[in-house]
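Take a look at the structure set out below.
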Amino acid sequence: MKKIIIYTTTNCPWCHTTKEFLKQKGYEYEERNVETNSGWANEMIQKSGQFGVPVIDIEGKIIVGFSPEEISQALNE
Amino acid sequence: MNKIKDSIIIGASAAGLSAAIYLKRQGIDFLVIAKEIGGEMALSGIVENYPGFPSTTGVELTQKFKEHIDKYNIEITNDEVIEINYFSPKEIETTENEFIVKGKKSDYFTKTIIIASGSNPKKLNIPGEDTFYHKGLSYCYVCVLPLFKNKTVAIIGGGNSALEAGIMANKICQKAYLINKNPEFKGDKFLFNQVSKFNKVEIIYNALTQEIYGEKFVHGIKYLDLNTKEIKDLKVDGVFVHIGLKPNSEFVPDEWGIKNEYREIIINELSATKVKGIFSAGDVTNIPYKQIGIAVGQGIISALSTINYLNKTKK
């Protein structure tokens, strides 16, 4: 199974939607709440070149925002 | 062809989901079509004026709504509506109609429609706005402001969302400028009284934002001081635009004549439009107060009016 990292903030609705989407599909993921850890925030900005959340890192493939099609594609569904 | 439904609800936020609960309980055959659940409600930060929930968040409230529709096995059809129109044209305003709802993924057919498509944030339409979107500029303080810990931000707007952003910024940021083009705030006094006491939040009135500039990320904004007619500069790391909402009504035909000059859907006290079979509720309507509680109430009215209409037109 591919490693999935999601960068989130606590009350971001799209972050919740993305997590729900992955849960429903049966994928496990590591959540990095950038609100609670400035190191993760910097990491997210460095990886994606922007401030929007969620950012999904699927083994190096960076997806900004909730995009079911892009996530499915990156997971080779 | 998809089977003709009794009703289609467009939108799955406070108004659409409230309507769905009422239609379901009356055994109406309907669909809810939406791109996402929650809409602008989900983007609300702290919510403290929705009765029964002394202090909650938009995300939590959306989750509660979701639990409620799940109880009734109401599913959301994931699609984006691009057009609605008559399927079998008849005399407008005099006889019952049938409608086609064209989505990006499929076409749907129905006897009635509840338009509960809500609204989206308005844009400033100034230089730099598109360039720096997600590069320091955001329309969602709830999502992105936490990334500006100990930074300086500008919050542009004069309503509740701008004031709420100011409250959050006071907790997180080193400094926040609250830029209001008017001489006073339109938002709740309760919120304004809090913000006006904050040391970290500086309110600038009569300030018309002209430009957002930077390099890779935002470095600052320029605004016109309407008192002195001077262009002034503020060095900021982030810009949060909360200047109001634009109704999502593009898919409603202009020739129906049910939109006002702000593109809001014109409804009567029964949430009905002048086109028979077309109802509307929530932020997309011409009702002036855009509140979650009001959207819920209108959603319920639109559902009850739909049920009444279907009963009267039943053959």
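Quick check on the range A:27-77: of everything there that is in a helix (DSSP H, G or I) and more than 27 Å from B:His219 (Cβ to Cβ), which residue is farthest from the other protein chains (Cβ to nearest Cβ)? If we take residues in the range A:27-77 being in a helix (DSSP H, G or I) and more than 27 Å from B:His219 (Cβ to Cβ), then A:Ala74 is farthest from the other protein chains (Cβ to nearest Cβ).
Part of a helix (DSSP H, G or I), surrounded by fewer than 19 Cβ atoms within 10 Å (Cβ to Cβ), at pLDDT 95 or above and not hydroxyl-bearing (Ser, Thr, Tyr): does that describe B:Lys24?
Answer is yes for this residue.
Each row is one residue, and each column tells you yes or no for (1) within 30 Å of B:Lys111 (Cβ to Cβ); (2) of a type in the set (Ser, Thr, Tyr).
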position	(1), (2)
B:Asn180	no, no
B:Phe192	no, no
B:Phe198	no, no
B:Gly214	no, no
B:Tyr223	no, yes
B:Gly257	yes, no
B:Ile266	yes, no
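The residue list B:Ala169, B:Ala154, B:Ala116, B:Ala162 contains one member that is at pLDDT 95 or above, in contact with a His (Cβ under 8 Å, 6 or more places away or on another chain) and not aromatic (Phe, Trp, Tyr), which is B:Ala162.
Of all residues in the range B:205-223 being aromatic (Phe, Trp, Tyr) and closer than 25 Å to B:Phe192 by Cβ, which is surrounded by the fewest Cβ atoms within 10 Å (Cβ to Cβ)? Going through the qualifying residues, I end up with B:Tyr205. Here's a check for you: in the range A:2-19, which residue that is hydrophobic (A, V, I, L, M, F, W, C) and at the interface with chain B (Cβ under 8 Å from one of its Cβ atoms) is farthest from A:Asp57 (Cα to Cα)? It comes out as A:Cys12.
If you check A:Thr10, A:Thr18 for being assigned to a helix (DSSP H, G or I), of a type in the set (S, T, N, Q) and under 18 Å from B:Gly38 (Cα atoms), only one passes: A:Thr18. Note on the range A:6-59: residues that are of a type in the set (Val, Ile, Thr), surrounded by fewer than 17 Cβ atoms within 10 Å (Cβ to Cβ) and either farther than 24 Å from B:Asn150 by Cα or within 11 Å of the chain's Cα centre (by Cα) (or both) total 0.
Would you be able to say whether some residue in the range B:45-54 is under 19 Å from the mean Cα position of the chain (by Cα) and modelled with pLDDT of 90 or more? First the steps, then the outcome.
At the first step, the residues of the range B:45-54 found to be under 19 Å from the mean Cα position of the chain (by Cα) are B:45-50.
Still in the list and also modelled with pLDDT of 90 or more: B:50.
Checked the range B:45-54: at least one residue is under 19 Å from the mean Cα position of the chain (by Cα) and modelled with pLDDT of 90 or more.
Restricting attention to the range A:1-22, the residues that are without any contact (Cβ under 8 Å) to a residue 12 or more places away in the chain and within 22 Å of A:Asn37 (Cβ to Cβ) total 3. The set of residues from the range B:276-309 being among the small types (Gly, Ala, Ser) and surrounded by fewer than 21 Cβ atoms within 10 Å (Cβ to Cβ) comprises B:Gly293, B:Gly297.
The values are calculated or read from the model by the stated rules, or taken from the named source; none is laboratory data. Just so we're clear, the structure is a prediction, and the values are computed from it rather than from any experiment. So basically every Cβ, Gly included, is an ideal-geometry build from the backbone, and we count neighbours across all protein chains shown.
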